[in-house]
1. Output the number of residues of the range 47-100 satisfying the condition of being over 30 Å from residue 32 (Cβ atoms), part of a helix (DSSP H, G or I) and without any contact (Cβ under 8 Å) to a residue 40 or more places away in the chain.
2. For the range 12-25, enumerate the residues that are at pLDDT 90 or above and not β-branched (Val, Ile, Thr).
3. Condition first: β-branched (Val, Ile, Thr) and surrounded by 13 or more Cβ atoms within 10 Å (Cβ to Cβ). Now tell me which residues in the range 4-48 satisfy that.
4. Hey, residue 25 hits all of (1) assigned to a helix (DSSP H, G or I); (2) of a type outside the set (Gly, Ala, Ser); (3) within 16 Å of the chain's Cα centre (by Cα); (4) closer than 21 Å to residue 2 by Cβ but one; which does it fall short on?
Amino acid sequence: MAVTRKDEARALDSDERELVERSHHPALQELPDSELSKLVKLVRDRRDKAKSQAQQRRREMRGKAAPKGAEPSRDDAGSRLKLSVLAMAVRRLNTEAGRRRRCPGAPARRPGPATPRPTPATAEPAGIKRAWRQSAAALAGAPPAR
């Protein structure tokens, strides 16, 4: 499910929000490699922390762990949203780092279809067209076209 930037802002604190904003395009593609690796490490650390907090809240809700606060958690929707936002940011960062490793000098990729869609004239293989023409010519009594 897509998370809007408004939901991201609601789920994160100011430091995390700034890190996640840098993981969005086009800011992500403008980062130098050293900054990208630092950002990946920071966002991973925040994601791991959010993951452990979400696990703790779920354990509190089930009654398996002592509450960290005055009373046990009743809902973990906020921590679950925070975890998913940070996980998506890590995924974007890993994708960009992998792209840079594969093609070190490549320019930023533009959004759009990777391959052009076939047109109706080129959608069928040539062999099928030829067979159809030959069978139609045989029915008409004309010699088959080559």
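The values are calculated or read from the model by the stated rules, or taken from the named source; none is laboratory data. Every value quoted in this text rests on a predicted model; they were computed, and no experiment measured them. In this analysis, Cβ positions are derived from the backbone assuming ideal geometry, glycine residues included, and neighbour counts consider all displayed protein chains.
1. Of the residues in the range 47-100, the ones over 30 Å from residue 32 (Cβ atoms) are 52-81.
Now narrow it down to the ones that are part of a helix (DSSP H, G or I): 52-62, 77-81.
Right, trim to without any contact (Cβ under 8 Å) to a residue 40 or more places away in the chain and you get 52-62, 77, 79-80.
Result for the range 47-100: 14.
2. Taking the range 12-25 first, the residues at pLDDT 90 or above are 12-24.
Listed by number, the residues that qualify are 12, 13, 14, 15, 16, 17, 18, 19, 21, 22, 23, 24.
3. Step one: of the range 4-48, the residues β-branched (Val, Ile, Thr) are 4, 20, 40, 43.
Passing the criteria: 20, 40, 43.
4. For residue 25, the failing item is (1).
Conditions tested, residue by residue: (1) surrounded by 14 or more Cβ atoms within 10 Å (Cβ to Cβ); (2) at pLDDT below 70; (3) under 30 Å from residue 6 (Cα atoms).
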position: 82; (1), (2), (3): yes, no, yes
position: 91; (1), (2), (3): no, no, yes
position: 97; (1), (2), (3): yes, no, yes
position: 101; (1), (2), (3): no, no, no
position: 110; (1), (2), (3): no, yes, yes
position: 121; (1), (2), (3): no, yes, no
position: 124; (1), (2), (3): no, yes, no
position: 129; (1), (2), (3): no, yes, no
position: 135; (1), (2), (3): no, no, no
